[in-house]
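Data block below; observations after.
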Amino acid sequence: MRCPFCHSTQNRVIDSRPSREANAIRRRRECLKCGRRFTTYEQVEETLPLIIKKDGRREPYQRTKVAEGIKKACEKRPVSIDTIENFLDDLERELLESGQREVPSSWIGERVMAKLREWDDVAYVRFASVYRHFTDATDFMEEIRQLLASRGQDPKGQ
């Protein structure tokens, strides 16, 4: 570790403890050259897999991209930001635990749709319309029929 004051690499650890969030180790260090003290944080580097897009391109997983899609679907719906953030945390944990280096975008899309279906029918249909590339009202009606049928409701409203 390089001293931020004199740039020497000669230092010693005075104190170590978990950070407040317990996701890092806080280390208090003293430079052996200039005698000044400084703090460093050590944490595990988590590498999320690359996402394989439908056209074959690969790009890094972007939490903000997934979050924006979910937030658009849930706009003016009774789904809290905390609920969305908790789902994103769970999704990322599942990605990390999978041990995969590459994951198809459909893997993420299907999990998002399943969760939206649990939370709110309108948000689910909104997301599905973009994700599945609905082209006309017939596509919407078919998705709504399937949704109602899975809930044990008569799609004709009878």
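Miscellaneous remarks
- Counting only residues that are in contact (Cβ under 8 Å) with a residue 40 or more places away in the chain and of a type in the set (Asp, Glu), region 29-48 holds 1 of them.
- Identification of helices (runs of 4 or more DSSP H) wholly contained in region 46-158 with 2 or more residues that are loosely packed, with under 15 Cβ neighbours inside 10 Å, modelled with pLDDT under 95 and in contact with a Lys or Arg (Cβ under 6 Å, 6 or more places away or on another chain) yields no element.
The values are calculated or read from the model by the stated rules, or taken from the named source; none is laboratory data. The shown structure was predicted, so the numbers you read here are calculated from the model rather than taken from an experiment. Glycine also receives a Cβ, built like all others from the backbone with ideal geometry; neighbour counts cover every protein chain displayed.
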